[in-house]
Amino acid sequence: MLIYDTPLWSIVDTAWYLSFYPVVRALAESDDETTLTSVYMRYGRQLGHSPNPLFHEMWYLQQNPDVRQTVQGGGLASGFEHYRAFGCAERPPHWLFRPSHYEREFNTKYQRAFDPELDGNIYDHFLRLGQFQGLSGHWLFDAGVYEALSDYETIQSIRRKGPYATYVSRLGLVYQEGTTTHFFDPHWYLAAYPQVSQGIDDGIWTSALEHYLSNQAPLNFDPTPIFSESAYCMAYEDVRTAIAQNAIRNGYEHYLLCGRHENRPFFGRG
């Protein structure tokens, strides 16, 4: 396996950066790549900007209080700096990628464990190879579903950049949110929770799926009309215990990773 010196997630994506953060137009002297990269280094890190769509700065800081405290104390310039130096070995870089989930997908396909010495950085392996082979980095992203429900332009982007990279690079821009799995209905979700739509309009969230996977009250939102979070948690004491111990985010995560394989009944909204 060829291991690359520069992981894809470590590069400042200047075209995306300029589109996602139009405020930098006033800071950049031109659209020159070097200038935009320096704008991120000088200003973007202090503003909490992500350097590219593959790394989510604010989510990373939210999920890692130790890193957030170090950044706030001036020990590091950003969560991205921490991820590049330390976190990339084990910590998730984005709300739509879990190393442990990709490891399971990798094990199933290759019939062996992922080996960093042989396979390189796990996130870069997923970006360069795994996503093109239909492997998933998250239980709520199915490359086949995403492509099947996409328009022609999106499919062409998937062919070039991969399904995952295409999806995350379009979040928060002018594109309509795509459906990434049969287990989450973004259109129903936005209709059921109009405050999420307002949050997207206000720039707090980039999508229904980001809100579902990142909000601070994960027990208060149902992913589809046929699954009741409160009813599922009420039915299973072990699920409530796992949530209390921060082993899982919510009941639906338990259902998708464990409950459905155990043939546990689930419950629709009342």
**Prompt:** How many residues, within the range 83-118, are aliphatic (A, V, I, L, M) and in contact (Cβ under 8 Å) with a residue 60 or more places away in the chain?
**Reply:** 2
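GLY120 - would you say it is within 17 Å of the chain's Cα centre (by Cα), buried (at least 16 other Cβ atoms within 10 Å of the Cβ) and within 23 Å of ARG84 (Cα to Cα)? Reasoning before the result, please.
Details: within 17 Å of the chain's Cα centre (by Cα): no; buried (at least 16 other Cβ atoms within 10 Å of the Cβ): yes; within 23 Å of ARG84 (Cα to Cα): yes.
No, not satisfied.
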**Complete:** Subset of the range 145-158, residues of a type outside the set (A, V, I, L, M, F, W, C) and surrounded by fewer than 12 Cβ atoms within 10 Å (Cβ to Cβ), comes to ASP151, TYR152, GLU153
**Request:** Evaluate the following for TYR175: is it of a type in the set (Phe, Trp, Tyr), at pLDDT below 95 and either surrounded by 15 or more Cβ atoms within 10 Å (Cβ to Cβ) or touching a helix residue (DSSP H, G or I) at 6+ places or on another chain (Cβ under 9 Å) (or both)?
**Result:** yes
**Request:** Output the number of residues of the range 183-192 satisfying the condition of being part of a loop (DSSP other than H, G, I, E, B) and out of contact with any helix residue (DSSP H, G or I) (no Cβ under 8 Å at 6 or more places or on another chain).
**Result:** 1
**Request:** Please verify whether the range 238-247 includes one or more residues that are surrounded by fewer than 17 Cβ atoms within 10 Å (Cβ to Cβ), among the charged types (D, E, K, R) and modelled with pLDDT of 95 or more.
**Result:** yes
**Fill in**
Here, helices (runs of 4 or more DSSP H) confined to the range 119-182 with at least 3 residues that are in contact (Cβ under 8 Å) with a residue 24 or more places away in the chain and under 17 Å from LEU8 (Cα atoms) are 122-128, 163-170
**Prompt:** So, in the range 193-215, of the ones that are outside any helix (DSSP H, G or I) and β-branched (Val, Ile, Thr), which residue ends up surrounded by the fewest Cβ atoms within 10 Å (Cβ to Cβ)?
**Reply:** ILE204
**Item:** Inter-residue pairs, beta-carbon under 7 Å, first of a type in the set (S, T, N, Q) and in the range 66-82, second surrounded by 16 or more Cβ atoms within 10 Å (Cβ to Cβ) and not in a helix (DSSP H, G or I), 6+ apart
**Value:** THR70/LEU76; SER78/ARG45
**Complete:** In the set PHE114, PHE97, the lone residue that is surrounded by fewer than 22 Cβ atoms within 10 Å (Cβ to Cβ), at pLDDT 95 or above, in contact with a helix residue (DSSP H, G or I) (Cβ under 8 Å, 6 or more places away or on another chain) and in a loop (DSSP other than H, G, I, E, B) is PHE114
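What are the residues in the range 255-269 that are part of a loop (DSSP other than H, G, I, E, B) and within 14 Å of SER228 (Cα to Cα), if any? Step through it out loud before you land on a result.
So the first thing to find is which residues in the range 255-269 are part of a loop (DSSP other than H, G, I, E, B), and the list is 260-269.
Of everything in the range 255-269, those that are part of a loop (DSSP other than H, G, I, E, B) and within 14 Å of SER228 (Cα to Cα) turn out to be ARG264, PRO265, PHE266, PHE267, GLY268, ARG269.
Please go through the range 244-254 and give me each residue that is among the hydrophobic types (A, V, I, L, M, F, W, C), within 20 Å of LEU209 (Cβ to Cβ) and in a helix (DSSP H, G or I), ordered by number.
The answer is none; no residue qualifies.
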**Prompt:** Using beta carbons and a limit of 8 Å, which pairs, at least six apart or on different chains, have the first residue in the range 197-220 and within 18 Å of GLU57 (Cα to Cα) and the second one of a type in the set (Lys, Arg)?
**Reply:** LEU213/ARG249
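Within the range 216-226, how many residues turn out to be among the polar types (S, T, N, Q), under 16 Å from PRO194 (Cα atoms) and exposed (fewer than 15 other Cβ atoms within 10 Å of the Cβ)?
Filtering the range 216-226 for residues among the polar types (S, T, N, Q) gives 216, 220, 224.
Restricting the remaining residues to those that are under 16 Å from PRO194 (Cα atoms) gives 220, 224.
Those still in the list that are exposed (fewer than 15 other Cβ atoms within 10 Å of the Cβ) too: 220.
Summing the residues that are among the polar types (S, T, N, Q), under 16 Å from PRO194 (Cα atoms) and exposed (fewer than 15 other Cβ atoms within 10 Å of the Cβ) in the range 216-226 gives 1.
The values are calculated or read from the model by the stated rules, or taken from the named source; none is laboratory data. Keep in mind that what you see is a predicted model, and the values were worked out from it rather than measured. Ideal geometry is used to build each Cβ from the backbone, glycine not excepted, and the neighbour counts take in all protein chains shown.
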